[in-house]
Amino acid sequence: MVLNAYTAAQITATEKPHLAAGAPLMARAAHALAVEAARMLRHRPSGAYGADVVVLAGAGNNGGDALHAGALLRARGARVTAVLTGSEAHEEGLAALRGAGGFVLTLSEAGAQEGARAAAGADLIIDGMLGTGGRGGLREAPAELVRRIQESTGRNTEHRSAGGWARPLVLACDVPSGLDATTGAVAGPVLAADATVTFIGIKTGLLATPKPSLVGRIRCADLGIGADLPAPALREAEDEDFPRYWSVPVEGDQKYSRGVLGTVAGSDQYPGAGLMCVHAAVRAGAGMVRFVGGDALASALAVSTPEAVRSEHVGAHRVQAWAVGSGATDRAQQAQVEQALDAGVPVLADAAAIEMLAHRAADGDPAPAHVLLTPHAGELAQALEWVARLAPERGERLVRAAREAGLPEDEEVQTSPSRTQIEAAPFVWVRAAREALGGTLLLKGTTTLVAAPDGTVWAHRGNSAWLSTAGSGDTLSGILGAGLAAHRARVEAGRAEGADGEWAGVAAAGLLVQRGISTAAPGPVPPTVAAERIPEVLGRLADGQ
Ligand SMILES: NC(=O)C1=CN([C@@H]2O[C@H](COP(=O)(O)OP(=O)(O)OC[C@H]3O[C@@H](n4cnc5c(N)ncnc54)[C@H](OP(=O)(O)O)[C@@H]3O)[C@@H](O)[C@H]2O)[C@@H](O)CC1
Ligand SMILES: Nc1ncnc2c1ncn2[C@@H]1O[C@H](COP(=O)(O)OP(=O)(O)O)[C@@H](O)[C@H]1O
Ligand SMILES: [K+]
């Protein structure tokens, strides 16, 4: 089922009337947290009984949840120590823990070393320092505590084993403290969680963060008020959702009704990008692939991918979609790319095509919804720099939109964001940039986000880091191009609407294929390996497995 996620502001607005009416939300949150903690302690022969639990409790309600959960775990026989990290603590929560026989340390008195010693020796740490009320990362004292816990436990080093982190286990209350609940941006140290129990609805930052390994397994406790949530600000497709968004062949289909993909990818100088894109599209089940390119590309494709057919130029044949830009470095290919952008059918636009679209947007001609731009952060920074340079008022609008999307007021942006800024807060920039460039925007990264013109944003996590290899993007272009062509064919046949948001749905489904091929087996996934795996992975997803 598609996961829905909400900004901190949406969650706060949802809980407000219930709090006013006296609903016991904190008690419910604490209960959910304690149940998950007990579940995590099941590996011990006596479970929670006799386990050492350390609660890191901040000054606000997040600390309140965690302290109450600590009291509930005391009742299950755990030894519970609270480390109070703020200048004060949630009064009722603290009283509950004390009443239940918990120990209490104050960070300002005991010091970071003492606090870290208690935490590092525990079976389980509950991180309740900062929740939706936190801004800009942990302050100095709790940050120092986290650093010391990281040092003594090895957590947050680069070497996380496949089985997870070594003990103590960490359970985050609502969000890992220091990770922005809305944007997922991480400022300063964050204690990586094995699991996060989040309340009312999943926070957008948990799915959109560029550091998904900090979040761990997500569990959502809706505290009995989930039905009141508004439309989600972010969604994430799961494997079982694939058939809803990706057109699979049906009885009676033939190659044209499946959709023809045209490509302008690769050049005589760089044939590789074209080979990988075409090869992936063929293997992703395109009805036919017609490539535009020079003789060197054609001879290479004749050997590597004989299924593909050459087309003299963009206007020569009717296609249902274009995949353009990757490796299209020469003038002749770039002229063909420009034509494909004007062909009136869906286009997957990568590399050189993104820059062309940035120029068009700066000239007041943003791309339509069925153009899917697929930059990584570096390419997006470059495209936005063009927009800001050529059309300064659009650049100003871009930064305003980013502020509205959660960019902190004190974070300076030159005329346009740097690559690093985009990488740190992709959920902020993908929405702002989509406004500036038009089209449907897929921002590639460890976490990939897709923003549609209808306001929908999709998140995608869970790729293998082995995908960080040259050509992974070209393979993705081929897969997504095949998906766009098939979907367009379905629209032409009256079997889909072709509404603005549908192209992002196709992209979200295509990303499931990418994740499947990258995780099908351990180890490297260069494009040749990735392409070989496409049919099986796609077939499995299409069958709902
Ligand atoms: N409302 C409800 O009943 C329900 C809410 N729920 C729970 O409440 C959580 C939200 O609680 P919240 O609004 O109190 O904010 P919270 O995240 O605890 O942080 C604010 C406190 O932290 C401090 N602080 C701020 N920034 C900081 C920093 N950078 N570094 C360090 N400290 C910083 C700040 O202190 P101050 O600025 O005053 O020094 C302030 O006291 C939410 O995530 C969920 O867990 C659930 O129980 C469901 C029902
Ligand atoms: N560390 C990583 N974790 C998850 N996915 C990754 C990682 N590195 C790269 N990817 C994915 O691999 C693809 C790389 O695309 P791109 O940067 O365009 O590569 P290229 O242009 O070399 O083909 C993107 O889809 C990206 O999301
Ligand atoms: K927290």
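The values are calculated or read from the model by the stated rules, or taken from the named source; none is laboratory data. Because the structure is a prediction, the values reported are computed rather than measured. FYI the Cβ positions are ideal-geometry reconstructions off the backbone, even for glycines, and counts take in every protein chain you see. These accessible areas exclude ligands, DNA and RNA; they are computed on the full protein's heavy atoms, side chains included. Shrake-Rupley method; radii C 1.70, N 1.55, O 1.52, S 1.80 Å.
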Practice problem: Could you look through region 66-83, keep only residues that are in contact (Cβ under 8 Å) with a residue 40 or more places away in the chain and of a type in the set (Val, Ile, Thr), and pick out the one that is least open to solvent (accessible area, probe 1.4 Å)? | Solution: 83
Quiz item: touching a residue at least 12 places away in the same chain (Cβ under 8 Å), touching a Pro at 6+ places or on another chain (Cβ under 9 Å) and in a strand (DSSP E or B) - does that describe any residue in region 384-404?
Solution: no
Quiz item: Which ones in region 460-483 are among the aliphatic types (A, V, I, L, M), near ligand 2 (Cβ under 6 Å from one of its atoms) and farther than 19 Å from residue 212 by Cβ?
Solution: 470
Quiz item: Does any residue of region 487-494 turn out to be within 25 Å of residue 356 (Cα to Cα), in the same structural domain as residue 390 (by the TED database) and more than 9 Å from ligand 2 (Cβ to nearest atom)?
Solution: yes
Quiz item: Taking region 338-354 as the search range and keeping residues that are surrounded by fewer than 24 Cβ atoms within 10 Å (Cβ to Cβ) and more than 26 Å from the chain's Cα centre (by Cα), which one is farthest from ligand 2 (Cβ to nearest atom)?
Solution: 344
Quiz prompt | Residue match in region 158-173 (condition: within 16 Å of ligand 1 (Cβ to nearest atom) and touching a helix residue (DSSP H, G or I) at 6+ places or on another chain (Cβ under 6 Å)) | solution = yes
Quiz item: Restricting the search to region 294-333, which residues are in contact with a strand residue (DSSP E or B) (Cβ under 7 Å, 6 or more places away or on another chain), crowded, with 21+ Cβ neighbours inside 10 Å and part of a loop (DSSP other than H, G, I, E, B)?
Solution: 308, 319, 320, 325, 328
Quiz prompt | Qualifying residue in region 469-481 (condition: acidic (Asp, Glu), assigned to a helix (DSSP H, G or I) and under 30 Å from residue 254 (Cβ atoms)) | solution = yes
Practice problem: Could you grab me the full set of residues in region 261-293 that are out of contact with any Cys (no Cβ under 7 Å at 6 or more places or on another chain), hydrophobic (A, V, I, L, M, F, W, C), surrounded by 23 or more Cβ atoms within 10 Å (Cβ to Cβ) and closer than 19 Å to residue 340 by Cα? | Solution: 261, 264, 273, 275, 277, 278, 281, 286, 289, 291, 292
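Quick one: how many residues across region 369-383 are surrounded by fewer than 24 Cβ atoms within 10 Å (Cβ to Cβ) and part of a strand (DSSP E or B)?
Qualifying residue count, region 369-383: 3.
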Quiz item: Residues in region 89-106: is at least one among the aromatic types (Phe, Trp, Tyr), open to solvent by 30 Å² or more (accessible area, probe 1.4 Å) and over 19 Å from residue 169 (Cβ atoms)?
Solution: yes
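Here is a check on your reading of the model: is residue 363 open to solvent by less than 60 Å² (accessible area, probe 1.4 Å), acidic (Asp, Glu) and more than 16 Å from ligand 3 (Cβ to nearest atom)?
Values: open to solvent by less than 60 Å² (accessible area, probe 1.4 Å): no; acidic (Asp, Glu): yes; more than 16 Å from ligand 3 (Cβ to nearest atom): yes.
Criteria not met by residue 363.
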Practice problem: Exactly one condition in (1) under 28 Å from residue 254 (Cα atoms); (2) assigned to a loop (DSSP other than H, G, I, E, B) is not met by residue 521; state its number. | Solution: (1)
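I need a count of the residues in region 362-376 that are more than 16 Å from ligand 2 (Cβ to nearest atom), in contact with a Leu (Cβ under 8 Å, 6 or more places away or on another chain) and either farther than 24 Å from residue 488 by Cα or at pLDDT below 95 (or both). Outline the logic, then answer.
The first filter runs over region 362-376 and keeps only residues more than 16 Å from ligand 2 (Cβ to nearest atom), leaving 362-371.
Within this subset, residues satisfying the condition of being in contact with a Leu (Cβ under 8 Å, 6 or more places away or on another chain) are 362-363, 366-367, 370-371.
Then drop every residue that is not either farther than 24 Å from residue 488 by Cα or at pLDDT below 95 (or both), which leaves 362-363.
Result for region 362-376: 2.
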Quiz item: Just a yes or no: is a residue in region 81-94 farther than 16 Å from residue 143 by Cβ, modelled with pLDDT of 95 or more, more than 16 Å from ligand 2 (Cβ to nearest atom) and more than 37 Å from the chain's Cα centre (by Cα)?
Solution: no
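Would you point out the residue of region 78-129, among those that are aliphatic (A, V, I, L, M) and in contact with a Cys (Cβ under 9 Å, 6 or more places away or on another chain), that is nearest to residue 152 (Cα to Cα)? First the steps, then the outcome.
If we filter region 78-129 for residues that are aliphatic (A, V, I, L, M), which is where we start, we get 78, 80, 82-84, 89, 94-97, 100, 104-105, 107, 110, 112, 116, 118-120, 122, 124-126, 129.
When the remaining residues are screened for being in contact with a Cys (Cβ under 9 Å, 6 or more places away or on another chain), the result is 126, 129.
Details: 126: 17, 129: 19 Å.
The qualifying residue nearest to residue 152 (Cα to Cα) is 126.
Scanning region 32-57 for residues that are touching a residue at least 60 places away in the same chain (Cβ under 8 Å) and more than 16 Å from ligand 3 (Cβ to nearest atom), which turns out nearest to the chain's Cα centre (by Cα)? Break it down stepwise before answering.
Let us first name the residues in region 32-57 that are touching a residue at least 60 places away in the same chain (Cβ under 8 Å), namely 32-33, 36-37, 40-41, 44, 51-57.
Now narrow it down to the ones that are more than 16 Å from ligand 3 (Cβ to nearest atom): 41, 44, 51-52.
Working: 41: 29, 44: 34, 51: 35, 52: 34 Å.
Among those residues, the one meeting the criterion is 41.
Take the residues in region 165-186 that are surrounded by 14 or more Cβ atoms within 10 Å (Cβ to Cβ) and at pLDDT below 90, then tell me which one is nearest to ligand 2 (Cβ to nearest atom).
Restricting attention to region 165-186, the residues satisfying the condition of being surrounded by 14 or more Cβ atoms within 10 Å (Cβ to Cβ) are 165, 167-186.
Then drop every residue that is not at pLDDT below 90, which leaves 165, 167.
Working: 165: 19, 167: 26 Å.
Selected residue: 165.
For residue 39, are the conditions met, namely being in contact with a strand residue (DSSP E or B) (Cβ under 9 Å, 6 or more places away or on another chain), closer than 26 Å to residue 201 by Cα, near ligand 1 (Cβ under 10 Å from one of its atoms) and basic (Lys, Arg)?
Details: in contact with a strand residue (DSSP E or B) (Cβ under 9 Å, 6 or more places away or on another chain): yes; closer than 26 Å to residue 201 by Cα: yes; near ligand 1 (Cβ under 10 Å from one of its atoms): no; basic (Lys, Arg): yes.
Here the answer is no, as residue 39 does not meet what is asked.
With respect to residue 136, is the statement that it is on the phi > 0 side of the Ramachandran plot, assigned to a loop (DSSP other than H, G, I, E, B), in contact (Cβ under 8 Å) with a residue 60 or more places away in the chain and not β-branched (Val, Ile, Thr) true? Write out each step before concluding.
Details: on the phi > 0 side of the Ramachandran plot: yes; assigned to a loop (DSSP other than H, G, I, E, B): yes; in contact (Cβ under 8 Å) with a residue 60 or more places away in the chain: yes; not β-branched (Val, Ile, Thr): yes.
Considered against the rule, which asks whether it is on the phi > 0 side of the Ramachandran plot, assigned to a loop (DSSP other than H, G, I, E, B), in contact (Cβ under 8 Å) with a residue 60 or more places away in the chain and not β-branched (Val, Ile, Thr), residue 136 comes out as yes.
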Quiz item: Somewhere in region 84-94, is a residue more than 16 Å from ligand 3 (Cβ to nearest atom), in contact (Cβ under 8 Å) with a residue 12 or more places away in the chain and either in a helix (DSSP H, G or I) or under 30 Å from residue 243 (Cα atoms) (or both)?
Solution: yes
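Condition (residue is open to solvent by 20 Å² or more (accessible area, probe 1.4 Å), away from ligand 2 (no atom under 16 Å from the Cβ) and β-branched (Val, Ile, Thr)) applied to region 52-65: is it met by at least one residue?
Step one: filter region 52-65 for residues open to solvent by 20 Å² or more (accessible area, probe 1.4 Å), giving 52, 59-61.
From the residues that got through so far, the ones that are away from ligand 2 (no atom under 16 Å from the Cβ) too are 52, 59-61.
Keeping just the survivors that are β-branched (Val, Ile, Thr) gives none.
There is no residue in region 52-65 that is open to solvent by 20 Å² or more (accessible area, probe 1.4 Å), away from ligand 2 (no atom under 16 Å from the Cβ) and β-branched (Val, Ile, Thr).
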